[in-house]
Amino acid sequence: MKKIIIFLGPPGSGKGTQAKKLAADFGFVHLSSGDLLRNILKNPLANDPETEKALAAMKAGLLVSDQYIYKLVFGEIKKHLTDGKGVVLDGAIRNLPQAEEYQKFFQENNLSDEVLAVEISLTDEESFNRLTKRRICVSCGEIIPYLPATRDLTACPKCDGELKTRADDDPEVIKKRIVEQGNIALAPIISFYENLGILRRVDGQPAIEEVAVEVKKAVKAS
Ligand code: AMP
């Protein structure tokens with residue numbers, strides 16, 4: 001089984017959820033570049049000008065510079081693999097130059113045989129539906145994804161509270177996110193891993209647990 005699992009997928013595909021589940025199941029470390037950046041944001045004391053620039057980009061909804069991401073993520077990957085743990089990369093690769101640079105890093109560290117990319121596939125239309133139609137419980141904050149099993153719920157399954165769509169799930173903002181991070185943007189990255197023969201594709205349409213089973217199968221067989 002490979003030790004470096006790269007999750008790819010459009011917004012709303014559930015790749016973050018699947019990455020966390022896989023890490024928990026296999027005792028791997030879940031490495032989300034977004035979480036690493038948010039941790040730095042919470043600890044502004046340590047910030048230098050480069051960090052300020054990265055955080056400003058993040059706050060503006062733009063991508064952080066590639067170099068900053070490498071500095072942030074490569075060290076973490078090395079640290080955990082040296083400790084004998086596998087890593088699940090979530091959101092850490094967002095353009096082709098990043099995919100290429102990560103691969104270079106893996107080669108330089110004799111890790112290229114340990115890499116598997118898992119695409120959680122979803123159409124842009126379904127991506128849009130999931131993000132605009134997911135709801136939040138006004139009482140307990142539970143997020144109700146837009147899935148066949150949950151889309152007809154009229155009250156929170158945990159506390160019976162009222163369900164509302166999220167204020168930040170604005171359709172225009174979501175359209176922009178899908179253009180920037182959806183299937184068209186992902187295509188060159190997917191092709192890159194496909195050409196290396198290390199891509200596995202899992203249908204992201206079914207319920208979370210069903211997708212998780214397929215992800216596990218793909219990773220176990222690697
Ligand atoms: P996320 O929580 O994964 O949506 O990431 C939050 C924000 O962090 C993104 O909108 C970007 O500004 C930044 N970010 C995270 N990962 C990357 C990456 N690999 N390349 C560039 N920016 C990133």
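Every number in this text was worked out from the coordinates using simple rules, so none of it is lab data. Remember, it's a predicted structure, so these values are computed and weren't measured experimentally. A quick note on method: Cβ atoms are made from the backbone with ideal geometry, for glycine too, and the neighbour counts reach across all protein chains shown.
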Per-selection Kirkwood Rh - the range 174-222 (Cα, Å, 1 d.p.): 12.5
Gained length - residue 17 relative to residue 176, 0.36 nm times residue gap less alpha-carbon distance: 55.0 nm
Globularity index of the range 27-144, i.e. its alpha-carbon radius of gyration over 2.2 N^0.38 Å: 1.24
Cα-based convex hull volume of the range 81-147 per residue, rounded to whole Å³: 142
DSSP-loop trypsin sites (Lys or Arg not before Pro) across the range 117-178, with at most 13 other Cβ within 10 angstrom: 158, 166
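Can you quote the Å³ per residue value for the convex hull of the Cα atoms in the chain, rounded to an integer?
Given the Cα convex hull of the chain, per-residue volume reads 134 Å³.
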Cα long-axis angle, helix 33-42 against the chain (0 to 90 degrees, to the nearest 10): 80
The chain - share of DSSP beta bridges that are antiparallel (%, nearest 5): 20
Projected label distance in nm at residue 155 and residue 53, using a 7 Å step from Cα toward the beta-carbon: 5.4
Anchor residue 164: aspartates and glutamates whose Cα lies under 15 Å away (excluding residues fewer than 8 positions away in-chain): 142, 152
Reachable lysines, given that their alpha-carbon falls under 21 Å from the alpha-carbon of residue 59 and they are not under 8 places away in the same chain: 42, 71, 175, 176
Equivalent ellipsoid, the range 119-198 (semi-axes from 5 times Cα gyration tensor eigenvalues, Å): 31, 14, 9
Residue 140-residue 195 pseudo-label distance in nm [points 7 Å out on the Cα-to-Cβ vector]: 4.9
Highest-fluctuation residue, 160, 90, 203 considered, GNM on the chain with Cα pairs under 10 Å: 160
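Could you compute the FRET efficiency for residue 104 and residue 210, with r as their C-beta to C-beta distance and R0 at 30 Å, rounded to 0.05?
The formula returns an efficiency of 0.25 here.
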Helix axis angle, 171-181 relative to the chain longest principal axis, alpha carbon, degrees: 20
